[in-house]
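**Student:** Here you go, one structure.
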Amino acid sequence: MDEITKVVREYIIREYVQEGDEREITETTPLISSGLVDSFSMVSLLRFLEKKYAIHIPDSAATPEAFDSVERIVALVRRFQKAEVGSV
């Protein structure tokens, strides 16, 4: 598991998995469509990612589909890391 995947997964577990919830959060676990992450949680996750990785994710890219798994979130972060590097 790479560093971004580990950070995103740990954040989701720490912030959104309730004590006693036995489900395992993997790279492909549905987050939005399962109800684990709601729209308010998605906004806090977005802000965390932008601050942690010094990136800007536009609202148009911050869709429920883009945040529906750790795997998709990591792809989004990488996409905007490359965009930030390309604009410097």
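Computed from the coordinates by the stated procedures, all read-outs in this text should not be read as laboratory data. Please read these numbers as outputs of a predicted model, since none were measured by experiment. Every residue, glycine among them, receives a Cβ derived from its backbone with ideal geometry; neighbour counts consider all protein chains shown.
**Student:** Figure the gain on full extension for residue 63 and residue 2 (residue separation times 0.36 nm, minus the Cα-Cα span) and round it to one decimal in nm. Working shown, then result.
**Tutor:** On the way: separation 61, 0.36 × 61 = 21.96 nm, distance 2.34 nm.
Full-extension gain reported as 19.6 nm.
**Student:** Then there is this: Could you go through the range 63-70 in sequence order and give the Karplus-derived ³J(HN,Hα) for each residue, using 6.51 cos²θ - 1.76 cosθ + 1.60 with θ = phi - 60°, rounded to whole Hz, and x for Gly and Pro?
**Tutor:** Calculated HN-Hα couplings, in order: 9, x, 4, 5, 10, 8, 7, 4 Hz.
**Student:** Going 7 Å from the Cα of residue 52 in the Cα-to-Cβ direction, what parts of the range 2-17 have a backbone nitrogen less than 11 Å from that spot?
**Tutor:** The answer is 3-15, whose backbone nitrogens lie closer than 11 Å to the label point.
**Student:** Another question, if that's okay. Full-extension gain between residue 14 and residue 27, please, as 0.36 nm times their residue separation minus the C-alpha to C-alpha distance. Don't skip to the end; give the middle numbers.
**Tutor:** On the way: separation 13, 0.36 × 13 = 4.68 nm, distance 1.53 nm.
Gain on stretching residue 14 to residue 27: 3.2 nm.
**Student:** Please give me, ordered by residue number, the trypsin sites (Lys or Arg not before Pro) of the range 24-88 that lie in loop per DSSP and have at most 10 other Cβ atoms within 10 Å. Kindly include the intermediate steps, with their values, before the conclusion.
**Tutor:** Details: sites: 47, 51, 52, 72, 78, 79, 82; in loops: none.
Hits after loop and neighbour filter: nothing returned.
**Student:** Taking Rg/Rh (Cα atoms, Kirkwood Rh) as the quantity of interest, determine which of (1) 0.93; (2) 0.96; (3) 1.00 was computed from the displayed structure.
**Tutor:** (2)
**Student:** Same structure, new question: Test of the criteria: in the range 1-43, which trypsin sites (Lys or Arg not before Pro) are in a DSSP loop and have at most 15 other Cβ atoms within 10 angstrom of their Cβ? Before the final figure, lay out the partial values.
**Tutor:** On the way: sites: 6, 9, 14, 23; in loops: 23.
Here the sparse-neighbourhood loop sites are 23.
**Student:** Next up: What is the sum of charges around residue 44, taking Lys and Arg as +1, Asp and Glu as -1, for the other residues whose C-beta is under 13 Å from the C-beta of residue 44?
**Tutor:** Working: positive: 14, 47, 51, 52; negative: 15, 38, 50.
Net of charged neighbours comes to +1.
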